[in-house]
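The structure under discussion appears below in the form of structure tokens.
Bear in mind that the values in this text are calculations on the coordinates, not laboratory data. Since we're looking at a predicted model, the values are computed, not measured. FYI the Cβ positions are ideal-geometry reconstructions off the backbone, even for glycines, and counts take in every protein chain you see.
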Amino acid sequence: MYSTDLAYIHDAGFGDFAKAVAPEIARILRSAGMARGRIVEFGCGSGTLAAYLHRLGYQVYGYDISPAMIRLARRNAPGARFGVASLVSARVQACDAIVAVGEVLTYVSGGRHALQRFFAKAHAALRPGGLLVFDFMDSARRRTYATRTASGDDWSIDVRATFDDQRRILTRYMTMTRRTARGRRRRSREIHRVHIYDRPTIRRMLARYGFDIVMSRSYGDYRLLPGDVAVIARRPAPL
């Protein structure tokens, strides 16, 4: 996922979410008493959130499964550290917070078992009082559509989305076109499958490790897309 062309298009034309949510994530961290500290970000994309947090003084370690995204992140956030890895495969060092915004967890193959392993790993890595901040999709209502087109100076993308109610999977079909340096047009395609989880399931999975859990439809003042749920899960500090 997110090969060279889609990574470029996402960075060039779809960075508004990361830019808008970054101040809200910073406020969440500070409200938990984390004015500084080590932050691990999964699904870091092209590094927008990582760059913002680094400028505020946080140590940021970003991971993404896309080498193309990591190349962009290293350019956009040279003060942070990045690696190519999934949230399932990455080894997470002790940290103050783990962040995965933009439906990152719903992209994970392996379903609930993979998420359960990740939650266990996150709990083990977080210091007492640390936060796991992420969002997931709990409904595909208003998230399917016929082909939509967006474009920029040297790119365009066509996307349609369908939902398999039996399998609880939203599928996005994308066709990207880019104009190369020689003026030629290059076309590529990707298919992304997003797993839909209900709130009680995610809550039970987190509660298994003793997280204190708050769910809402927004990160602070930033309202998420229909069907998305924001989660702030705190590893309790000892009494």
Query raised in the report: Counting each DSSP H run of 4 or more residues in the chain as -39500 (n - 2.57), what helix-only mean residue ellipticity at 222 nm follows after dividing by all residues, to the nearest 500 deg cm²/dmol?
Result: -8500 deg cm²/dmol
Query raised in the report: So who's got an amide H within less than 5 Å of the one on ARG160, skipping anything under 5 residues away but keeping other chains? H placed 1.01 Å off N, in plane.
Result: ARG148, TYR173
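For the range 1-131, what number results from the quotient of the Cα radius of gyration and 2.2 N^0.38 Å? The partial results should precede the final answer.
Details: Rg = 13.9 Å, N = 131, 2.2 N^0.38 = 14.0 Å.
Here the answer is 0.99, to two decimals.
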Query raised in the report: Classify the chain: rounded, prolate or oblate, from the alpha-carbon gyration tensor (a ≥ b ≥ c, eigenvalue square roots; a/c under 1.5 rounded; otherwise prolate if a/b is larger than b/c)?
Result: oblate
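How much length is gained if the chain between VAL84 and ASP154 is pulled fully straight, taking 0.36 nm per residue apart and subtracting their Cα-Cα distance, in nm to one decimal? The partial results should precede the final answer.
Working: separation 70, 0.36 × 70 = 25.20 nm, distance 2.69 nm.
Result for the pair: 22.5 nm of gain on full extension.
Write down the Kirkwood hydrodynamic radius of the range 39-80, to one decimal in angstroms, obtained as one divided by the mean of 1/r over all alpha carbon pairs.
Value: 9.6 Å, from the Cα pair sum.
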Report task. Give a residue-ordered list of calculated ³J(HN,Hα) values for the range 80-90 (Karplus: 6.51 cos²θ - 1.76 cosθ + 1.60, θ = phi - 60°; whole Hz; x for Gly, Pro). Result -> 8, 10, 9, x, 8, 5, 8, 5, 7, 8, 5
Requested in this report: Return the FRET efficiency for the residue pair THR147, ASP16: r is the Cβ-Cβ distance, R0 is 22 Å, and the value is rounded to the nearest 0.05.
Outcome: 0.55
**Report entry** For the range 180-185, Karplus couplings with θ = phi - 60° (6.51, -1.76, 1.60), whole Hz, Gly/Pro x
**Finding:** 7, 4, 8, x, 7, 9
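What does DSSP give for the chain in terms of the percent of beta bridges that are antiparallel, rounded to the nearest 5?
Values: 40 of 57 bridges.
Percent antiparallel among DSSP bridges in the chain is about 70.
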Report summary line: Computed over the range 161-222, the convex hull of the Cα set has an average projected area, in nm², of 7.8 nm²
Report summary line: The set of residues whose placed amide H lies less than 5 Å from the amide H of GLY37, leaving out same-chain residues fewer than 5 positions away, is GLN59
Requested in this report: List every residue whose amide H lies under 5 Å from the amide H of GLY102, counting only residues 5 or more places away in sequence or on a different chain, with H placed 1.01 Å from N in the peptide plane.
Outcome: ASP135
**Report entry** Stretchable slack from ASP164 to ARG208, in nm (0.36 nm times residue separation minus alpha-carbon distance)
**Finding:** 13.0 nm
Query raised in the report: From the backbone phi of the range 108-117, what are the Karplus-calculated ³J(HN,Hα) couplings (6.51 cos²θ - 1.76 cosθ + 1.60, θ = phi - 60°) in whole Hz, Gly and Pro given as x?
Result: 5, 6, x, x, 5, 4, 5, 5, 4, 5
Query raised in the report: Going out from 0 in 10 Å bins, what whole percent of all Cα-Cα distances in the range 70-206 drops into each bin?
Result: 10, 30, 32, 22, 6, 0
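Can you quote the Å³ per residue value for the convex hull of the Cα atoms in the range 145-195, rounded to an integer? Mind dumping the intermediate values first?
Numbers: hull volume 3.3 nm³, N = 51.
Hull volume over Cα atoms, normalised by residue count, gives 65 Å³.
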Report summary line: Two pseudo-spin positions, 7 Å from Cα along C-beta at ARG36 and at SER139, lie apart in nanometres by 4.4 nm
Requested in this report: May I ask for the distance between the Cα centers of the range 140-194 and the range 52-83, given as a whole number of Å?
Outcome: 25 Å
